[in-house]
Amino acid sequence: MSLLADIVVILLNGLQQGAIYVLLAVGLSIILGTLKFVNFAHGALYLLGTYAGLFVALSVPLSNGKLQEWGFTSFGLDWGFFAALVLVPLVVFVAGLLMERFLARSFYDRPDTDQILVTFGLAIVVQELFRVLFGSNSLPFEQPERILSVGSFAGIPVSGPVALPIVGNFPQWRLWVIGITAVLVLLVYVLVEFTDFGLVVRAGTRDAEMVRLLGIKITRPYIVVFGIGAALAGIAGVVGGPLNVVNPTIGTNILVPAFLTVVIGGVGSIAGAVLGGVIFGLATATLVAFAPAWSQVGLYAIAAIVLLTRPQGLLGDEEVAP
Amino acid sequence: MSEKTDTATASTDTTTSTKSETAFGGSLSERWEQLRGREGTVVGLTAIFVAVFPWLFARAPVISDFVQGYQSLATLILIWGIFAIGFDLLLGYTGLLSFGHAAFWGGAAYASGIVAKNVSGDPIVMVVSGTLFAVLLAWVLGFLSLRRGGIYFAILTLAFAQMMYFMAASPLAFLTNGENGLTGVEVGSLFGMIHLEADIPAFGGMLLGTWLYAFVGLFFVGAVAVAYRILNSPYGMVFRAIRENEQRAEFVGLNVWRYKLMAFIISGAFAGVAGSLFTIHGSYVPLQSLFWTESGDIVVMTVLGGAGSMFGPVLGVGLYLYVENIVSTIQALTIPFTDIVLIKDFGFYWHLLLGAIFLVVVWVVPDGLWGILSRIREFVSAKLGGDR
Amino acid sequence: MPLLETENLVKEFGGLVATDDVNLTVEEDERVSVIGPNGAGKSTLINLITRRLDPTSGDIRFKGESIVGLDPHEVVQLGVSKSFQTASIFPDLTVKENAEIAALAAERGAFGFEFLKHRNSLTDVHEVARDTLDSVGLLDRSDTVATDLPYGDKRRLEIGIALASEPDLLLMDEPTAGMSPEETKSTVELIEQVKREHGLTFVLVEHDMEIVFSVSDRIVVLSRGGIIAEGTPDEIRGNEAVQEAYLGGVEL
């Protein structure tokens, strides 16, 4: 392969890697920016998304965990991937609403430290629940053959290689991940920038006190913000699941890079979250290609450098940052 | 390290006591004596606890059968106890939540292990070198992480600690042995004659068990003494002032930033002592010791027991390690003295159980189990007082 | 040499000029009040002097030396103390400990390494703390946890904390904000008493005209960030520009 082809492959791999971070970071960022709520359980929503996606899309054999002990030999509805892409965000959206209503809301007026502690506790509980039910072993989450495979729909093939100019064959699913992410982030961006709902959200990010004084009832937009953030994490779980191993620790493991994406991009900034995710993705892909031993270290080094030179994040607003 | 600090503490004691006696007599010096007595009492009671704990836990008739404890777990509890006491100086007293203390715990564990393999396996040398490494690292990471408050501090400490983990995992594998952890650490004998794994002869052995436990126990008592003294020094006041109202502390003329850095370094030093002892205890350093879940564990232990109290975090350590190591082996939870099984495979749920307890504690009783105990004590003494 | 001096001090937020070319001097032993309508830039001025905000341009000198470029705690160490608009205290510590922390910073400097020294041996700190509490009338409540004090007493403690650092210049940002009439009265008495006993130089920012006219030697009137008048209370009372711009014709 030519150098150009190498570069394009690294770019595509980086964008795909970054896409997962972007989906998580946009959700975290709007929650942190609007609600001033630090959600260390965001990874748990990703975890829920992955398992729910697996459940809806496929049917996999269970080899350990309580479910298997209770007599379930396989797990899943096998409705196909399109169904997962539609249903899982709804499920995780509801999970987000419940989390806002019954947990986060009692902590808005408590210090950051308490918010971190309680959501960290929730993250442990969710992770261990999944460990109890499904065991510690990894479950196989195959890349979907087709997105539409139910009923009379003509299936659109999405797995396997696709021939691209310059680079030749490239795993098709990775392109889909990038595409789905781009569409969703654009939707959220339009929602926040161009609707009344978004206006309240943005005003709340700038000055929650003022919005309250203006008499806008902010509870409902808040809970919806939380739900949207959760749904994005759920989708990240569905599209990211087939790319990595699936086990109960994926949620807590992805939380750290997701948070770093938010803070290097700038809290409350959707564009910042996208930029942060893309930088992380590209850096990781480049290092994997040229210096694999340093691939993980590089991520943290970049985060450290950005935060030390520009503490409010790349696209962060000095006055808004908490 | 602790011997040195101990003598330093003792000498400060005598100088201040003479000074205060000459400077002013009467009620103030009396109160001084009371407080000094209180400090002596705390350290003395700690020493007694350390002396009887392994016997009660692992060897006493009836009790030890019931709790199912064993010697090396008693040692491990004291080691993590030192870690937690230091962590609480930062979280409970200064109000800073670090999610990166695995860097100091694991960093010291590696440093002492690497020194043992390449320089000297003398336990004192190991503890000193591990602690020094942790202090230097805390100075650097504190300098970088304390630039911003709140969540940024938590996330930055987390990020730097993870960076250490991945450094040890791969680029530095030639030093750390990478994923397999640092194996083959040979711990030498103490003062060239005492093998730490050996049992202490006679009565001392019945109480304390091994020399290793006695060695760790000395550090534990030293840690309690030093922490207690810090909390009653100007630092203790300043730390709590920063926790209560950082802006006000700055505006009475305190250099808040440097005090925070000192709190971070001091807690890093405690973590360093504990991490070094952990290597001596296990003769092995798992890569896991640098992973962020380890930072999470110390957070959970400290908060569970009661952040902002002297002994709460140690209680939290005891509970956590007890559940992790002993409750997790329980096959089935039965109603006592019957065969009726309440929960099958009870031990399997240990981590879930701890997570749930932690969640409830953070939510409902932020001052932890120690806070609950204090309230029960107050309630009981109020009741008794009322009856009289 | 004036104790405090600002020279062509300017602070802009974005395009908004909050402090507009202010030249303020405060002589030793002088009691100066800064008044002005809402948004006149009073708090900004205080925040500039205490180094909470960086000026856009201009200089601030204390005892003849520029303090622009110092950290807030360094300014306090030089002898400028501040009491806040709200009761900024250490809520979960006792009244005594609140005063001791301030005294500690004043007596022992911004930072020290005495982390193994028992605090009971700090006799100088205890004495200053005790004197301070005595002068703000909270000595008998020494062992009360600060958060349990009534609001008026919290504000007294707040002023006590500011006094415990034994300042050469005290900046008071609306010391009676949010107080009941009785509390206001007792605070004014406190200020008068501190003025008598300590011979303190202070700058007072206040809305309540009664207080301003009774305790000040000189009054500075701010409007839209700039000084529009200054003089003795009598001069200000008669100043038409002030009545026009600020008092809106209200009889004083």
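The values are calculated or read from the model by the stated rules, or taken from the named source; none is laboratory data. Worth saying up front: this structure is predicted, and the values here are computed from it rather than measured. Cβ coordinates were reconstructed from backbone atoms using ideal geometry, including for glycine residues, and neighbour counts include every protein chain displayed.
I'd like the residue in region C:193-210 that is without any contact (Cβ under 8 Å) to a residue 40 or more places away in the chain and either touching a strand residue (DSSP E or B) at 6+ places or on another chain (Cβ under 7 Å) or surrounded by 15 or more Cβ atoms within 10 Å (Cβ to Cβ) (or both) and, out of all such residues, is nearest to C:Glu27 (Cα to Cα).
Restricting to residues being without any contact (Cβ under 8 Å) to a residue 40 or more places away in the chain and either touching a strand residue (DSSP E or B) at 6+ places or on another chain (Cβ under 7 Å) or surrounded by 15 or more Cβ atoms within 10 Å (Cβ to Cβ) (or both), the top hit is C:Leu200.
Would you point out the residue of region C:60-83, among those that are touching an Asp or Glu at 6+ places or on another chain (Cβ under 6 Å) and touching a residue at least 24 places away in the same chain (Cβ under 8 Å), that is nearest to C:Lys42 (Cα to Cα)?
Looking at the filtered set, the residue picked out is C:Ser83.
Testing B:Phe337 on (1) at pLDDT below 90; (2) at negative phi; (3) not aliphatic (A, V, I, L, M), one condition comes back false. Which one is that?
(2)
Quick check: anything in region C:47-55 within 14 Å of chain B (Cβ to nearest Cβ), farther than 20 Å from C:Glu12 by Cα and surrounded by fewer than 19 Cβ atoms within 10 Å (Cβ to Cβ)?
Checked region C:47-55: no residue is within 14 Å of chain B (Cβ to nearest Cβ), farther than 20 Å from C:Glu12 by Cα and surrounded by fewer than 19 Cβ atoms within 10 Å (Cβ to Cβ).
Is there a residue in region B:255-265 that is within 20 Å of the chain's Cα centre (by Cα), more than 10 Å from chain C (Cβ to nearest Cβ) and within 28 Å of B:Ile48 (Cα to Cα)?
No, every residue in region B:255-265 fails to be within 20 Å of the chain's Cα centre (by Cα), more than 10 Å from chain C (Cβ to nearest Cβ) and within 28 Å of B:Ile48 (Cα to Cα).
Would you check if B:Glu197 is exposed (fewer than 15 other Cβ atoms within 10 Å of the Cβ) and either at pLDDT below 85 or within 11 Å of chain A (Cβ to nearest Cβ) (or both)?
Values: exposed (fewer than 15 other Cβ atoms within 10 Å of the Cβ): yes; either at pLDDT below 85 or within 11 Å of chain A (Cβ to nearest Cβ) (or both): yes.
Yes: the conditions hold for B:Glu197.
Could you tell me whether any residue of region B:304-326 is polar (S, T, N, Q) and at pLDDT 95 or above? Break it down stepwise before answering.
Going through region B:304-326, the residues polar (S, T, N, Q) turn out to be B:309, B:325.
This time we only want the ones that are at pLDDT 95 or above, so: none.
No, every residue in region B:304-326 fails to be polar (S, T, N, Q) and at pLDDT 95 or above.
Where in region A:1-114 are there helices (runs of 4 or more DSSP H), lying wholly inside it, with at least 3 residues that are free of Cβ contacts under 8 Å to residues at least 24 places away in the same chain?
Result: A:81-102.
Only residues that are in a helix (DSSP H, G or I), facing chain B (nearest Cβ under 10 Å) and among the hydroxyl-bearing types (Ser, Thr, Tyr): list them for region A:234-293, please.
A:Thr252
Name, by its number, the condition in (1) within 19 Å of B:Leu97 (Cβ to Cβ); (2) in contact with a strand residue (DSSP E or B) (Cβ under 7 Å, 6 or more places away or on another chain) that does not hold for B:Thr334.
B:Thr334 satisfies all of (1) within 19 Å of B:Leu97 (Cβ to Cβ); (2) in contact with a strand residue (DSSP E or B) (Cβ under 7 Å, 6 or more places away or on another chain) except (1).
Can you tell me which residues in region C:23-36 are out of contact with any helix residue (DSSP H, G or I) (no Cβ under 8 Å at 6 or more places or on another chain) and in a strand (DSSP E or B)?
C:Thr25, C:Val26, C:Val32
Got a number for residues in region C:179-206 being in contact with a helix residue (DSSP H, G or I) (Cβ under 9 Å, 6 or more places away or on another chain) and either of a type in the set (A, V, I, L, M) or outside any helix (DSSP H, G or I) (or both)? Break it down stepwise before answering.
Initially, region C:179-206 is screened for residues in contact with a helix residue (DSSP H, G or I) (Cβ under 9 Å, 6 or more places away or on another chain), giving C:179-180, C:182-184, C:186-188, C:190-195, C:197-198, C:200, C:202-206.
If we keep only those that are either of a type in the set (A, V, I, L, M) or outside any helix (DSSP H, G or I) (or both) as well, we get C:179-180, C:188, C:190-191, C:194, C:200, C:202-206.
Counting residues in region C:179-206 that are in contact with a helix residue (DSSP H, G or I) (Cβ under 9 Å, 6 or more places away or on another chain) and either of a type in the set (A, V, I, L, M) or outside any helix (DSSP H, G or I) (or both) gives 12.
Please list, ordered by first then second residue, the pairs with beta carbon atoms under 6 Å, 6 or more apart or interchain, first in region B:278-297 and over 24 Å from B:Gly217 (Cβ atoms), second assigned to a helix (DSSP H, G or I) and among the hydroxyl-bearing types (Ser, Thr, Tyr).
Going by the 6 Å Cβ cut-off, the qualifying pairs are B:Leu290/B:Tyr165; B:Phe291/B:Tyr165.
Is it true that some residue in region C:181-198 is within 25 Å of C:Ala110 (Cβ to Cβ) and in the same structural domain as C:Asn8 (by TED's automatic domain parsing)?
Yes, that holds for at least one residue.
A quick yes/no check of all residues on (1) among the small types (Gly, Ala, Ser); (2) modelled with pLDDT under 95:
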{"position": "B:Phe251", "(1), (2)": "no, yes"}
{"position": "B:Asn255", "(1), (2)": "no, yes"}
{"position": "B:Phe264", "(1), (2)": "no, no"}
{"position": "B:Gly275", "(1), (2)": "yes, no"}
{"position": "B:Ser283", "(1), (2)": "yes, yes"}
{"position": "B:Phe291", "(1), (2)": "no, yes"}
{"position": "B:Ile298", "(1), (2)": "no, no"}
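Out of the residues in region C:59-76 that are more than 7 Å from chain B (Cβ to nearest Cβ) and outside any loop (DSSP other than H, G, I, E, B), which is farthest from C:Ala129 (Cα to Cα)?
C:Asp59
Name the single residue, out of those in region A:21-70 being among the β-branched types (Val, Ile, Thr) and buried (at least 24 other Cβ atoms within 10 Å of the Cβ), that is nearest to A:Arg110 (Cα to Cα).
Filtering region A:21-70 for residues that are among the β-branched types (Val, Ile, Thr) and buried (at least 24 other Cβ atoms within 10 Å of the Cβ), the one nearest to A:Arg110 (Cα to Cα) comes out as A:Val38.
Return the residues of region B:269-310 that are within 14 Å of chain C (Cβ to nearest Cβ) and in a helix (DSSP H, G or I); say none if nothing qualifies.
B:Ala269, B:Phe270, listed by residue number.
Determine which member of the set B:Ala154, B:Ala227 is within 12 Å of another protein chain (Cβ to nearest Cβ), assigned to a helix (DSSP H, G or I), of a type in the set (Gly, Ala, Ser) and under 29 Å from A:Ala301 (Cβ atoms).
Exactly one of B:Ala154, B:Ala227 is within 12 Å of another protein chain (Cβ to nearest Cβ), assigned to a helix (DSSP H, G or I), of a type in the set (Gly, Ala, Ser) and under 29 Å from A:Ala301 (Cβ atoms), namely B:Ala154.
Please list, ordered by residue number, the helices (runs of 4 or more DSSP H) wholly in region C:77-178 having 1 or more residues that are in contact with a strand residue (DSSP E or B) (Cβ under 6 Å, 6 or more places away or on another chain), within 11 Å of chain B (Cβ to nearest Cβ) and modelled with pLDDT under 90.
Qualifying helices (runs of 4 or more DSSP H): C:151-164.
Among the candidates C:Thr144, C:Thr132, single out the residue that is buried (at least 24 other Cβ atoms within 10 Å of the Cβ), of a type outside the set (Asp, Glu) and either over 21 Å from C:Val32 (Cα atoms) or not assigned by TED's automatic domain parsing to the domain that holds C:Ser66 (or both).
C:Thr132
Which of (1) within 14 Å of C:Leu204 (Cα to Cα); (2) outside any strand (DSSP E or B) is the odd one out, the single condition C:Gly39 does not satisfy?
All conditions pass for C:Gly39, except number (1).
Checking B:Phe337 against (1) among the hydrophobic types (A, V, I, L, M, F, W, C); (2) outside any helix (DSSP H, G or I); (3) under 30 Å from A:Asp109 (Cα atoms), only one condition comes out false. Which one?
Unmet condition: (3).
Given the structure, is B:Ile340 more than 29 Å from A:Pro248 (Cα to Cα) and in contact with a strand residue (DSSP E or B) (Cβ under 8 Å, 6 or more places away or on another chain)?
Working: more than 29 Å from A:Pro248 (Cα to Cα): yes; in contact with a strand residue (DSSP E or B) (Cβ under 8 Å, 6 or more places away or on another chain): yes.
In short, yes.
Counting only residues that are in contact with a Gly (Cβ under 8 Å, 6 or more places away or on another chain) and either crowded, with 24+ Cβ neighbours inside 10 Å or closer than 19 Å to A:Leu35 by Cβ (or both), how many does region A:251-272 have?
Count: 14.
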